[in-house]
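Data block below; observations after.
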Amino acid sequence: MRPSRLKNAQAEESQLQLRLLVVYAFILLMFALLVARFVWLQVLQHDHFSTLAQNNRISLVPIQPSRGLIYDRNGVVLAQNYSSYTLEVVPSKTADLEATVQALGELVEITPRDMRRFRKMLAESKDFEAVPLKLKLTDEEAARLAANVWRFPGVEVNAQLFRDYPYRELTSHVLGYIGRINPKDKERLAEEEKTANYRGATHIGKTGLEKIYEDVLHGQAGFEEIETDSAGRAIRSVRSTPPVSGHNLKLALDIRLQELADKLFGQRRGAVVAIDPQTGGVLAFLSKPGFDPNLFIDGIDPQTWNTLNTDWQKPMVNRALRGVYPPGSTFKPFMAMAALQSGALTPGQILPAPGYFTLPGSNHQFRDSVPSGHGAINLSKAIAVSSDTFFYRVAWDMGIDRIHPLVSQFGLGSLTGIDLDGEARGVLPSKEWKAKRFAKSREEVRRWYPADVVSVGIGQGFNAYTPLQMANATAILANDGVVYKPHLVKEVVDTKTGQIRRVEPNPLRTLPFKKSYYGVVKEGMAAVMRPGGTAWRLGVGLKYAMAGKTGTAQVVQIRQGAKYNAAALAEQYRDHSWFIAFAPVEKPQIALAVIVENAGFGAAAAAPIARALCDFYLTGVVPPELKGQLKTLPPEPAEQDKKDTASHASLAG
């Protein structure tokens, strides 16, 4: 071999060895990186990835607590829970939603109302969320679906707890209702940092006590740790944290009194609020008409919602809490207290009460309800006969600057603070109020005129209050100025421990009125129920002392010289009928306000309702025409049963 060839062969061998070294070095580097990665994953990051693997294997399933119950003062259940089956569809797991729904309709009846609710909730839900198609399946329907559910991917039959309001319209404006959690609710829960307690929850309090006491009623969610396989199927339960049921509420409200008020109203519209003056506990709280809160629990369909909202009787309006009405002559007792306290009037002072009152330099006549007037009378007589001209003169002499601060102490024109949402403030007029109310109007409209105060004195003009405010003011008057906050909830009961947290009836304040002035005004209100008073017929046969005041509130103004003729007016333009009362006069146990819309004179419509409610609450007597009609009362024993009972009693004696 020539030297040149040998040299080339050596050079090629040297390059090959170099290449092999590079390849070996690269392989060693790769192995080193691989080992380093193994060390990183298996040693240094062991805990992290072990946790992730555990999370993939263990699923947390929230367990919803049972919602607290609501009882009346006697232990009657007003809001309860019951278990039933629901047919639910998960849209994202269903290949053909319409075909699936149609096929399901061959197994169970799906009504048009079911479909309207389903489509409404479908539009409000996400694709991966289960949407109820049919609620409250019968056992037969549930069994039929369970046997066929394998045919329908994305279709489930689940047991759920449902809320039920057995007294429906009777308690709708007190209890409110729960409804499905919507995006707005989720935002609020996130802001209040309560999202964790609502994981898996579908419902939340929307109105009334259900909303105000949501945190108390909802309870504490539990969790179950479920071990799953690679396909996500549950294998076993690892451990669980049981949920804590919501607390129960016991109300001051008496459902018997509530039902009696409802029966007494019949088909008429209006409201009743009855309060215990010694505690502030609300005994009755009725707004007529009401609505069925059960319709809202799982999403009301658009047609039913539209029907409720377009009904001219406005069943969705809580008249007791949000309805504002001129109080008419029921304002006079509070006007009288203001006049006495201000010194504008003395208890025995006699004033003329003619058929009309005119302002100095004016020909306009402010008429009395009695054309001939009442002669010369004192304050108690003016209340008893409801003299308008007497109070026109008193209001004129006082002026609004003295009336407003004194009358406002009875809570008129202010929120009472009751444990319900959406309370209306009402209007106790003043110069400042008028200027603010008509701020965008001309100066002559904003200005307070001397004549404005005259109609205020008899509860007309700008006056406007809720039945709740009138009942609260009456309770304060009955209690000689001791003020309690009206409240519906009497006790909160811990369902786990049985511990009771009472709403203690602590007085908020005592009004700085002279004690003897209450006696003067109460005497006038007691005289309303005696011969000569505006409601004397209702005082016949009373077994206790009752004080009251009738009121007739104008809805439309009658022009000067014209005579009011209810028959010539459409119903919605007729006067409202008011009555406020408390009993017994010596130590009041009940104070109430009743308004019957467009029903005319207070003594004709509202007063009989108040008398019957007081009779029942104080003596247990039910009007004869309603005996046997009240579902909340045990049925009357048959006549023969009464005789047998009497016979047994005499033998035992």
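The values are calculated or read from the model by the stated rules, or taken from the named source; none is laboratory data. What you see is a predicted model, and the numbers here were worked out from it, not measured in a lab. When we count neighbours, we look across all protein chains shown, and the Cβ atoms used for this are built from the backbone with ideal geometry, even at glycine. Accessible surface is based on the protein model in full, side chains and every heavy atom, while ligands, DNA and RNA are left aside. Shrake-Rupley method; radii C 1.70, N 1.55, O 1.52, S 1.80 Å.
Over the chain, average the accessible area per residue using a 1.4 Å probe and give it in Å², no decimals. Accessible area per residue: 51 Å². Sorting E106, E187, E597 by accessible area puts them as E106, E187, E597; the probe is 1.4 Å, largest comes first, and only protein heavy atoms count. Here is the list for the range 113-164: chymotrypsin sites (Phe, Trp or Tyr not before Pro) lying in DSSP coil, each with at most 15 other C-beta atoms within 10 angstrom of its C-beta, are F128.
Counting protein heavy atoms only, the range 135-286 has 48 percent of its accessible area on carbon and sulfur, 1.4 angstrom probe. With each label modelled as a point 7 angstrom along the Cα→C-beta vector, the T307-D139 pair spans 3.1 nm. Values (1) 1.05; (2) 1.42; (3) 1.22 are given for comparison; Cα Rg over 2.2 N^0.38 Å, derived from the coordinates here, is the one labelled (2). Legend: residues I63, I275, sorted from most to least accessible area (1.4 Å probe; ligands, DNA and RNA excluded), read I63, I275.
Could you tell me which of rounded, prolate or oblate describes the range 396-464, using a ≥ b ≥ c as the square roots of the eigenvalues of the alpha-carbon gyration tensor, with rounded for a/c under 1.5 and, failing that, prolate when a/b is larger than b/c and oblate otherwise? It comes out oblate by the Cα gyration axes.
Given R0 = 30 Å, the distance between the Cβ atoms of T202 and L626 translates into a calculated FRET efficiency of 0.15. Between S342 and T510, the distance separating the two model label sites (each 7 Å from Cα on the Cα→Cβ line) works out to 2.5 nm. Taking 0.36 nm per residue of separation and subtracting the Cα-Cα distance, full extension of the segment from K587 to S372 would add 73.7 nm.
Here the label points at A190 and S66, each 7 Å from Cα along the C-beta direction, are separated by 3.4 nm in the simple model. Were the residues from V482 through R119 laid out at 0.36 nm apart, the gain over their Cα-Cα distance would be 125.3 nm.
Using only side-chain charges placed at the Cβ, +1 for Lys and Arg and -1 for Asp and Glu, the dipole size of the range 415-540 relative to its Cα centre rounds to 280 debye.
Only helical runs count toward this figure. For the chain, summing -39,500 (n - 2.57) over DSSP H runs of n ≥ 4 and dividing by all residues gives -10500 deg cm²/dmol at 222 nm. Applied to the range 349-361, the Karplus parametrisation 6.51 cos²θ - 1.76 cosθ + 1.60 on θ = phi - 60° returns per-residue 3J(HN,Hα) values of 5, 9, 10, x, 10, x, x, 7, 10, 10, 7, x, x Hz, with x for Gly and Pro. Residues whose amide H lies under 5 Å from that of K206, counting only those 5 or more places away or on a different chain, are Y177, I178, G179, K211; hydrogens are built 1.01 Å from N in the peptide plane.
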